[in-house]
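Peer 1: Right, I'll just put the structure down here and ask away after.
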Amino acid sequence: MPRQRTVTTMCPMNCHPTLCGMTVTVADDRLVGIAGDVSNPDSEGFLCMRGKAAHEIVGNDRRLLTPLMRSRRGGDWHATDWDAALDAIAATMRAVGPGAVGFWQGHGNWANDYAFGLKRAQMDRFVNLYGCEGWNPAMVCWGLGAFGAGLTGAIETSTKEDMSANSELVILWAANTVSQANTMRHVEIAKRRGAHVVAIDIRRTEASALADEVILLRPGSDTALALAMMHVIVAEGRHDAELVAEHTLGFAELARHLAPMTPDWAAARTGLPAERIAALARRYAATRPAMIVMGGSSLHKGDNGWQAARAIACLPALTGDYGRPGGGLGPRHGGRSHGAGFADLSAADRRTAPRRIPNQMEAIVAALESGAIKVLVSIGSNILSSFPDSNRVRAALARAELVVFHDIFPNQTMREAADIVLPSTIWLEEIGAKSTNTHIHLSDRALPAAGAARPADAIYRGLAERLGVADVYPWPDQEAAMDAALDHPATGHTTVADLRAAGGRVRLKVSDVAYPTREFTTPSGKIEFVSARAAAMGLPALPECPDTAEGDGLRLAHGRTFAHFHAFYDHARALPTLAAREDAPDLWIAPADAARHGVADGSAIEVANTRGAFRARAKVTPRMPPGAVWIRDGWPGLNALTDGAAVLPDTALDAFPFSVGQSRFGARVRLRALGPDPAAGPDPAD
Ligand SMILES: Nc1nc2c(c(=O)[nH]1)N[C@H]1C(S)=C(S)[C@@H](COP(=O)(O)OP(=O)(O)OC[C@H]3O[C@@H](n4cnc5c(=O)[nH]c(N)nc54)[C@H](O)[C@@H]3O)O[C@H]1N2
Ligand SMILES: Nc1nc2c(c(=O)[nH]1)N[C@H]1C(S)=C(S)[C@@H](COP(=O)(O)OP(=O)(O)OC[C@H]3O[C@@H](n4cnc5c(=O)[nH]c(N)nc54)[C@H](O)[C@@H]3O)O[C@H]1N2
Ligand code: SF4
Ligand SMILES: [Mo]
């Protein structure tokens, strides 16, 4: 009998604020089983179907296990070794110079690092010390929403435990079960305690099942709803005048500004009856404490941009809910608790060259187009799938001299745009840690590296050695690097050895309630209804609802499902369980819109606009209101439809430590029936 041992680790997907504990059993360096970690206080043994499917990563015959090179894109790959691959990369980098080299990272780099930030910082450290370009990935994800909330003054979030213990009203504002399962367990506890639950979405979601009330509005109209709620609260004197006077800036201007933004005004924009809007505002004002669980990403893609977050974050300030247990803003992707932090090892203060290409998605694409960036190294990101306006991105990548790709499976970006492939270790073959809003969890190494797979730090070390860059990896090993990152008051200066001794985790020294002292994240330290900082950036000082051009066609809205993590694992085709669960891209269409376009449920359709076309399968469902369509992200080719234009001017990019230069991701689309056979749709593996 081989000797079995059990290792405590974390699921390799980053559904933050949900991150789930996992125990793996190994025998003779082979995986025997994966189970939910019942001792994990965040997930309490829960693993969703994606987490359970993670065992299909191990020993998967589609895995990348050797470095690959090809002499021209579209040509055949041939196997090589790390030394030859790194020699070739370093030679091109030397030839073009640091200024023409860019490093980009995505979620794959944080499979056992999310919200700990060591692996993210290790890329940045190489970038800073070598003096090349490198961008902060928050901009593709949660940065824009945090920017809007941050202008108002509320970036921190309160914990799920605070919600279940204290909230009397929970508003799930573009937040869904499939993207943050562990939060929802606490919504259920709050509900059993008597809390009222409202879900605001553009379609009837999985979270609707939890809700006492479901409010379905037009995509991108959330700013109008939030402003009209503020109008009702202020016009009817339902705000907390004392706390508003003490902790906010610009209330009188806000009150004047809100005057025309009546429920009728918002009804025309949201499609909701005015009485419904007024009733929601009155319930919100009358119920203390009330927690708004604001979506992290999908809410801020398309017409809302940052404005919805800016406006929604004003609501708890009117009712005096910030700093109150059970009140304010709840768990959000990318959000952190009060007091959270880790040591920053990115050597940002030692950058050897000024930055030239800003943290702006569109600027990266433009830099590839102009030749300002000639070498792109992509670590754990499927950029052709995740960036909008992908036809433009593909053409931009085609101009690069060298595209390097570090991943565990092939995907669209590798097939269409890469020149050199470096195989990555999987989460079980590395040591790392992941942080929830309350804990730091060790994700310990369980298996030896398969084939020639190596972690990302092998790239930085190998290139630094060849290019003569000092101090890129000043630690004896990754465990020592982790100890350096853990050396922070928020962890109690813990170490990997301490974490192991404590069963894999320590509680962070954080407050469950955000802004417990009501010192906010603004220049004034108050909640800023009027923001001089916004005005200085050339943005409106007060929360505003931009009039979005209507345009032709159906609005395309985004989100997640149970069966995918973005485009992980070759767009989920490499894991049989996930591929079987979603065998083709389903586009949600309202019955009336489907009838108008002659589209039948389950039939193949073309979704198109002036930027591009995408083939999908029609999911005709009364859960989707007319006027919009919805699809989950991560399908190859989907982003051919979406808008890559920058949302914010460059003047706004440095307001916060995280990056905010998101592209719009908006799209209006038209549908065309292709026939009854869904097999006419794309095979993403092609
Ligand atoms: N249309 C549309 N586009 C979107 C979104 C949307 O809602 N709609 N959402 C956006 C958001 S919020 C995000 S965060 C981005 C995500 O964008 P990215 O961060 O680029 O994520 P993926 O496209 O899934 O690419 C991640 C890659 O990492 C690989 N990977 C997995 N594990 C490992 C590992 O251990 N090591 C390495 N090296 N690689 C690994 C996966 O196989 C995958 O190919 O997409 C954005 N794009
Ligand atoms: N299963 C799964 N979970 C994930 C991820 C994943 O890929 N798969 N990715 C993780 C990452 S990186 C991120 S950024 C987060 C995403 O975090 P979130 O944005 O919080 O979650 P989503 O599920 O993408 O979107 C939530 C809801 O927003 C709705 N929505 C879309 N547009 C609008 C709108 O204009 N107004 C309103 N009111 N609602 C709208 C969608 O219908 C969806 O139900 O999820 C994380 N969790
Ligand atoms: S919810 Fe996310 S983190 Fe939890 S098991 Fe599922 S995929 Fe993993
Ligand atoms: Mo994201």
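The values are calculated or read from the model by the stated rules, or taken from the named source; none is laboratory data. Predicted model only: the values in this text are computed from it and were never measured. Cβ atoms come from the backbone with ideal geometry, glycine included; neighbour counts cover every protein chain shown.
Peer 1: Looking at MET93, MET1, MET69 in this structure, which one is more than 16 Å from ligand 3 (Cβ to nearest atom), of a type outside the set (Asp, Glu) and modelled with pLDDT under 95?
Peer 2: Among MET93, MET1, MET69, only MET1 is more than 16 Å from ligand 3 (Cβ to nearest atom), of a type outside the set (Asp, Glu) and modelled with pLDDT under 95.
Peer 1: Name the single residue that is surrounded by the most Cβ atoms within 10 Å (Cβ to Cβ) among those in the stretch 385-407 being farther than 19 Å from GLU133 by Cβ and within 20 Å of the chain's Cα centre (by Cα).
Peer 2: SER390
Peer 1: Working carefully through the options ALA470, ALA497, find the one that is over 29 Å from the mean Cα position of the chain (by Cα) and within 28 Å of PRO423 (Cβ to Cβ).
Peer 2: On inspection, the qualifying residue turns out to be ALA470.
Peer 1: Oh, and also: Just to verify a result, which residue in the stretch 4-39, among those that are crowded, with 20+ Cβ neighbours inside 10 Å and farther than 20 Å from LEU447 by Cβ, is nearest to ligand 3 (Cβ to nearest atom)?
Peer 2: This residue is CYS15.
Rundown of residues vs (1) among the polar types (S, T, N, Q); (2) closer than 30 Å to LEU299 by Cβ, yes/no style:
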position: HIS78; (1), (2): no, no
position: TYR114; (1), (2): no, yes
position: ALA121; (1), (2): no, yes
position: ASP124; (1), (2): no, yes
position: VAL127; (1), (2): no, no
position: ASN136; (1), (2): yes, yes
position: ALA149; (1), (2): no, yes
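Peer 1: Residues that are within 16 Å of ligand 4 (Cβ to nearest atom) and under 29 Å from the mean Cα position of the chain (by Cα): find the helices (runs of 4 or more DSSP H) completely inside the stretch 235-328 holding 1 or more of those.
Peer 2: Per the criteria, 307-312.
Peer 1: Moving to a separate point now. For GLU582, work out the one condition from (1) within 16 Å of ligand 3 (Cβ to nearest atom); (2) in contact with a strand residue (DSSP E or B) (Cβ under 7 Å, 6 or more places away or on another chain) it doesn't fulfil.
Peer 2: So the condition that GLU582 fails would be (2).
Peer 1: Between a first residue in the stretch 290-307 that is closer than 18 Å to ALA207 by Cβ and a second residue that is part of a helix (DSSP H, G or I) and within 16 Å of ligand 3 (Cβ to nearest atom), which pairs have beta carbons less than 8 Å apart while being 6 or more apart in sequence or on different chains?
Peer 2: That search, which allows pairs on different chains as well, returns VAL293/THR183; VAL293/VAL187.
Peer 1: Return only the number of the condition from (1) on the phi < 0 side of the Ramachandran plot; (2) crowded, with 19+ Cβ neighbours inside 10 Å that HIS566 does not satisfy.
Peer 2: (1)
Peer 1: Check VAL58, VAL38, VAL101, VAL96 and return the single one that is more than 24 Å from ARG185 (Cα to Cα), of a type in the set (Val, Ile, Thr) and not assigned by TED's automatic domain parsing to the domain that holds LEU447.
Peer 2: VAL58
Peer 1: Now, a different point. Since PRO489 meets every condition but one in (1) in contact with a helix residue (DSSP H, G or I) (Cβ under 7 Å, 6 or more places away or on another chain); (2) surrounded by fewer than 20 Cβ atoms within 10 Å (Cβ to Cβ), which condition does it not meet?
Peer 2: (1) is the only condition that PRO489 fails.
Peer 1: On the basis of being surrounded by 24 or more Cβ atoms within 10 Å (Cβ to Cβ), within 16 Å of ligand 4 (Cβ to nearest atom) and of a type outside the set (Phe, Trp, Tyr), does ARG332 make the cut? Steps first, answer last, please.
Peer 2: Values: surrounded by 24 or more Cβ atoms within 10 Å (Cβ to Cβ): yes; within 16 Å of ligand 4 (Cβ to nearest atom): yes; of a type outside the set (Phe, Trp, Tyr): yes.
Criteria met by ARG332.
Peer 1: Residue under question is MET13, and the condition is that it be of a type outside the set (S, T, N, Q) and within 16 Å of ligand 4 (Cβ to nearest atom); does it hold?
Peer 2: In short, yes.
Peer 1: Then there is this: Can you confirm whether the stretch 28-50 contains a residue that is within 16 Å of ligand 4 (Cβ to nearest atom), among the basic types (Lys, Arg) and closer than 27 Å to ALA579 by Cα?
Peer 2: Checking the stretch 28-50: at least one residue is within 16 Å of ligand 4 (Cβ to nearest atom), among the basic types (Lys, Arg) and closer than 27 Å to ALA579 by Cα.
Peer 1: Please list, ordered by residue number, the helices (runs of 4 or more DSSP H) wholly in the stretch 107-185 having 1 or more residues that are more than 14 Å from ligand 4 (Cβ to nearest atom) and outside the structural domain of TYR460 (by TED's automatic domain parsing).
Peer 2: 143-152, 160-166
Peer 1: For ALA121, are the conditions met, namely being among the aliphatic types (A, V, I, L, M), under 14 Å from the mean Cα position of the chain (by Cα), within 17 Å of ARG355 (Cβ to Cβ) and surrounded by fewer than 24 Cβ atoms within 10 Å (Cβ to Cβ)?
Peer 2: Values: among the aliphatic types (A, V, I, L, M): yes; under 14 Å from the mean Cα position of the chain (by Cα): no; within 17 Å of ARG355 (Cβ to Cβ): yes; surrounded by fewer than 24 Cβ atoms within 10 Å (Cβ to Cβ): yes.
For ALA121, the condition - among the aliphatic types (A, V, I, L, M), under 14 Å from the mean Cα position of the chain (by Cα), within 17 Å of ARG355 (Cβ to Cβ) and surrounded by fewer than 24 Cβ atoms within 10 Å (Cβ to Cβ) - is not met.
Peer 1: Considering only the stretch 162-180, how many residues are among the aliphatic types (A, V, I, L, M), more than 8 Å from ligand 2 (Cβ to nearest atom) and surrounded by 21 or more Cβ atoms within 10 Å (Cβ to Cβ)?
Peer 2: Total meeting the criteria: 5.
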